[in-house]
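**Q** Structure in structure tokens, see below.
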Amino acid sequence: MGHRTLRATEMSQQGTRLMSAGIPVVIDSDPGVDDALALALALVSPELSVRAVTTVAGNVDLATGTANAGYLLRVLAAGRGIRLAQGCARPLARELVTAEEVHGSDGLAGITGHERWRRRSSDSTNVPSDTVDAIIDEVANSPEPLTVIALGPLTNVAAALRRDPAAMRRAAAIVVMGGSLHAGGNVTPQAEFNFYVDPEAADAVMASGLPVVVTPLDVTHQLAVSDATVESRLQSRSEPRAAFLGELIQRARAEEFTGRGGKLLLHDPAAVATLLWPELFTMQAHALAVDGGDGDQRGAMRSTGDEGGTERTRAEVAVDVEANEVVSRIVERLVAGGA
Ligand code: BDR
Ligand code: CA
């Protein structure tokens with residue numbers, strides 16, 4: 001199976017180059033508890049400049065996801081004027097599958113029903129209607145090459161590629177949370193949720209020829225918050241933002257959601273972390289394919305083993321991680337809140 005392992009120094013140099021200029025990003029997401037934590041991480045990280053948050057149907061239906069994204073921007077980034085756009089309501093070629101059993105019926109572990117953190121109707125108003133245009137616009141018009149961080153099914157990104165492939169070729173990278181190389185699935189024995197929901201979109205992105213970075217279950221299953229220390233540290237801070245994240249984590253660690261003895265996996269923050277701290281990840285280059293169909297391989301990601309010269313993207317895939325260090329850096333960032 002042909003692949004090349006990037007040395008940590010190479011990744012680090014890449015990271016330093018990106019850091020010195022700052023990285024403009026669009027976050028495409030289906031919030032989602034771990035999406036919320038990923039957004040919070042990106043918003044407090046000076047290495048990133050969040051230009052827009054765009055929504056896609058996935059963990060919850062599109063309207064709920066968009067309301068959540070607007071709500072998260074109010075709680076976590078009030079006054080920063082970050083663009084919000086609403087994307088595709090269903091996968092490219094099939095019915096939507098959601099994950100309320102993992103994220104709660106509101107997608108945020110029930111926190112929006114809490115008196116202090118209630119969602120307002122204004123959280124989802126004034127939403128420009130078209131995420132696909134917003135992604136194309138941000139990628140095409142960014143003075144510095146822009147990175148799309150995709151934390152849900154890849155429907156919006158694939159639709160943007162179809163609508164304006166030339167504009168999308170200006171992207172610095174598409175950083176994807178999704179798939180599983182050797183770790184097995186979390187929806188079926190083979191498939192990870194984001195790729196299972198829209199395998200045609202995932203395959204289109206992997207075939208696009210764009211620079212793609214994939215953060216699969218192989219690493220995200222190593223990254224967890226598993227005790228109450230993090231939430232109590234957050235809740236002891238005076239800023240509402242920190243109290244909110246503490247409450248969110250506490251709720252999401254409840255057995256009914258994790259089914260894993262209080263272990264909350266940091267899937268989506270891991271994708272953001274590959275941009276922030278590339279030196280903590282081991283990357284391999286793979287040409288990837290994602291299975292369509294409705295059989296037991298639906299949504300399964302595989303390396304084609306193709307070394308040479310096809311148009312299919314050779315993605316950089318995170319295959320291992322310095323897990324303790326990444327979790328600790330994510331937690332410290334969330335607790336410090338950019339202070
Ligand atoms: C992915 O699926 C979703 O439930 C999470 O938000 C994450 O993006 C993990 O498989
Ligand atoms: Ca997600």
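**Q** How much net charge surrounds D294 when only other residues with a Cβ under 14 Å from its Cβ are counted (Lys, Arg +1; Asp, Glu -1)?
**A** Once all neighbours under 14 Å are counted, the net charge is -3.
**Q** So for H103, H221, H114, fewest C-beta neighbours within 10 Å to most, what's the order?
**A** Result, fewest neighbours first: H114, H221, H103.
**Q** Relative contact order for the chain: what is it in percent, counting Cα pairs under 8 Å that are at least 6 residues apart?
**A** Once normalised by length, the contact order is 22 percent.
**Q** Evaluated at 25 °C with a viscosity of 0.890 mPa s, what Stokes-Einstein diffusion coefficient in µm²/s does the stretch 155-251 have when Rh comes from the Kirkwood expression over alpha-carbon pairs?
**A** Translational diffusion coefficient: 155 µm²/s.
**Q** Moving on to the next point. Quick one: which residues, 5 or more positions from V60 or on another chain, have an amide H under 5 Å from its amide H? H modelled 1.01 Å from N in the peptide plane, none for Pro or chain starts.
**A** Answer set, sorted by chain and number: A99.
**Q** Taking amide H positions as placed 1.01 Å from N in the peptide plane, with prolines and chain starts having none, which residues 5 or more places from S49, or on another chain, fall under 5 Å of its amide H?
**A** Answer set, sorted by chain and number: I23, V25.
**Q** If you don't mind, there's one more thing I want to ask. How large is the charge dipole for the stretch 61-121, taken about the Cα centre, if only the Cβ atoms of Lys, Arg (+1) and Asp, Glu (-1) carry charge, to the nearest 20 debye?
**A** 420
**Q** Continuing with this model, one more query. May I ask for the distance between the Cα centers of the stretch 165-186 and the stretch 108-152, given as a whole number of Å?
**A** 19
**Q** Size of the dipole of the stretch 176-330 about the Cα centre, Lys and Arg at +1 and Asp and Glu at -1 on the beta carbon, nothing else charged, in debye to 20?
**A** That gives a dipole near 520 debye.
**Q** Over the Cα atoms of the stretch 34-80, each weighted equally, I'd like the Debye log10 I(q)/I(0) at q = 0.16, 0.26, 0.29, 0.30 Å⁻¹, rounded to two decimals.
**A** Result of the Debye calculation: -0.42, -1.03, -1.20, -1.24.
**Q** For the chain, what class follows from the C-alpha gyration tensor (a ≥ b ≥ c being the square roots of its eigenvalues): rounded when a/c is under 1.5, otherwise prolate if a/b is larger than b/c, else oblate?
**A** It comes out rounded by the Cα gyration axes.
**Q** Another one. Please compute the net charge surrounding P269, taking Lys and Arg as +1 and Asp and Glu as -1 over other residues with Cβ under 11 Å from its Cβ.
**A** Charge balance in the 11 Å sphere: -1.
**Q** If neighbour count is taken as other Cβ atoms inside 10 Å, put D294, D320, D35 in order from fewest to most.
**A** Final ranking by Cβ density, sparse to dense: D294, D320, D35.
**Q** Just the number, please: percent antiparallel of the DSSP beta bridges in the chain, rounded to the nearest 5.
**A** Of all bridge pairs located within the chain, approximately 35 percent are antiparallel.
**Q** For the stretch 280-288, just list the computed ³J(HN,Hα) in residue order, Karplus coefficients 6.51, -1.76 and 1.60, θ = phi - 60°, integers in Hz, with x standing in for Gly and Pro.
**A** Result, rounded to whole Hz: 8, 10, 9, 10, 10, 8, 9, 7, 10.
**Q** Right, something else. As a check on your grasp of the helix formula, calculate [θ] at 222 nm for the chain: sum -39500 (n - 2.57) over DSSP H runs of n ≥ 4, divide by the residue count, round to the nearest 500.
**A** Taken over the chain, the calculation gives -11000 deg cm²/dmol.
**Q** Could you put T258, T274 in order, starting from the residue whose Cβ has the fewest other Cβ atoms within 10 Å?
**A** T258, T274
**Q** Nothing charged except the Cβ atoms of Lys and Arg (+1) and of Asp and Glu (-1): what's the magnitude of the dipole of the chain about its Cα centre? Round to the nearest 20 debye.
**A** With Lys and Arg at +1 and Asp and Glu at -1, about 820 debye.
Each reported figure results from applying straightforward, stated rules to the coordinates on display, with no laboratory input. Quick caveat: nothing in here was measured; it's all calculated off a predicted structure. When we count neighbours, we look across all protein chains shown, and the Cβ atoms used for this are built from the backbone with ideal geometry, even at glycine.
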